[in-house]
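First up is the structure itself, then whatever we jot down about it.
The values are calculated or read from the model by the stated rules, or taken from the named source; none is laboratory data. Owing to the predicted nature of the structure, the values given are computational and were not obtained by experimental measurement. Note: ideal-geometry Cβ built from the backbone for every residue, glycine included; neighbour counts use all protein chains shown. Side chains are part of the model used for accessible areas, which takes the heavy atoms of the whole protein and leaves out ligands, DNA and RNA. Shrake-Rupley method; radii C 1.70, N 1.55, O 1.52, S 1.80 Å.
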Amino acid sequence: MSTERRVVVLISGRGSNLGALLEARLPLQVVAVISHRADAAGLGLALERGIPTRVIPAGAYAERKDFDRALQQAIDGFSPDLVVLAGFMRILTPEFVAHYQGRLLNIHPSLLPSFPGLHTHRRALAEGVAVHGCTVHFVTTELDRGPIVAQGVVPVWAEDDEASLAARVLHMEHRLFPHVLRGWAENRWVLRADGQVRWRDDSQEQNLRLLWAGASR
């Protein structure tokens, strides 16, 4: 029996972050990939690797809480140690979040607490920020406000538009998410009782919590 930690990944679309996690060959086991959309391209990535997939169609449920119960049942069937939201575009009910408290990670395309919610790149450009990026954080009942595990920072150039900035941030997401999950699998960070994340490598803590893309183009 494998002693690797077990992860279920939730996706909504192309699964680019899922692909980055699989390519990183992390010391963990992705035991299932689940989506609310049967046409999510990321399901194909999972099947190519022999990873079980499930589709819980959101349209089959009249209320969000009923969908979340079905999703929870599917997830729990794989007994995961961690549930990872990799581009999962659904707002989850408090009951679902409470069930996975301390075991539910998301990646968000901004440097939280700045720009929670949608259209983060457009809003960053409108605000004229010099840097932008992405955040891996725990999911709580308050949208995009859970404890931050790590962040990745990219520069914003004067000639950027929404598409170019989004592409740069996505590239950073593909670095940051595997970095965080490797750290989790190797017990290099922990969510403390006070709700703060502490990386165990104290001498390098800031470097472990922050990835920087550099200023070169």
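The figures follow:
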{"quantity": "Relative contact order computed over the chain (Cα-Cα under 8 Å; 6+ residues apart), in percent", "calculated": "18"}
{"quantity": "Antiparallel %, DSSP beta bridges [both residues in the chain], to 5", "calculated": "40"}
{"quantity": "Exposure of THR135 as accessible area (Å², to 10), given a probe of 1.4 Å and all protein chains", "calculated": "0"}
{"quantity": "Of all accessible heavy-atom area on the chain, the percent that carbon and sulfur account for (1.4 Å)", "calculated": "50"}
{"quantity": "Heavy-atom accessible area ranking, 1.4 Å probe, most first, across TRP184, TRP199, TRP212", "calculated": "TRP212, TRP184, TRP199"}
{"quantity": "SER164 accessible area, 1.4 Å probe, all protein chains in place, Å² to nearest 10", "calculated": "40"}
{"quantity": "Inter-part distance where the stretch 45-107 and the stretch 125-198 are each reduced to a Cα centre, Å", "calculated": "21"}
{"quantity": "For the stretch 1-137, size of Cβ-based charge dipole, Lys and Arg +1, Asp and Glu -1, in debye", "calculated": "120"}
{"quantity": "Filtered trypsin sites (Lys or Arg not before Pro), the stretch 118-196: DSSP coil and at most 10 other beta carbons within 10 Å", "calculated": "ARG192"}
{"quantity": "Per residue, in Å², the accessible surface of the chain once ligands and nucleic acids are set aside, probe 1.4 Å", "calculated": "50"}
{"quantity": "Check: the stretch 65-173 dipole with +1 on Lys, Arg Cβ and -1 on Asp, Glu Cβ, in debye", "calculated": "160"}
